[in-house]
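Reading through the structure tokens given below for one structure.
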Amino acid sequence: MNGSSSIATMKKVVQQLRLEAGLNRVKVSQAAADLKQFCLQNAQHDPLLTGVSSSTNPFRPQKSLTFTSRNFHKFLFFNFYLFMIVTERERERQRHRQREKQAPCPGSPTWDSIPGL
């Protein structure tokens, strides 16, 4: 079995060498000249050389948030709404505390005993 795997490996090596021997090779100086010519011909399309317009640049910095009058009104309304909710909840807690002081239920937790409230 060792001999047959060795023969198969050698066949693959010979096949690869035949493939490489059949390749058309180019001198390094010719390849460098071709590469230089290609670069010079396509320089006007290279974004690293010419830059990228800000409208087509996907990596441009995001614009900062600006308040338009509509956004500002939404902002004010939202904050007022939150203020009203918080105020109403606090009033509800105060009313509940007053009721507990007047007639506390034995064994029930009070608002002051619940953490975070």
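The numbers here are math on the coordinates, done by the rules we state, and not lab data. Just so you know, these numbers come straight off a predicted model, no measurement behind them. Every residue, glycine as well, gets a Cβ built from its backbone with ideal geometry; the counts of neighbours run over all protein chains shown.
Observations, loosely collected:
- With the simple spin-label model, which puts each label point 7 Å out from Cα in the Cβ direction, the LEU35 to PHE72 separation comes to 5.9 nm.
- Length added when fully stretched, GLU90-LYS63, from 0.36 nm per residue minus Cα-Cα: 5.8 nm
- Sequence of PHE59, PHE80 once ranked by neighbouring C-beta atoms within 10 Å, starting from the fewest: PHE59, PHE80
- The simple spin-label model puts a point 7 Å past each Cα toward its Cβ; for GLN102 and GLN16 those points are separated by 9.3 nm.
- Gain on full extension, evaluated as 0.36 nm per residue between ASN2 and TYR81 minus their Cα-Cα distance, stands at 20.2 nm.
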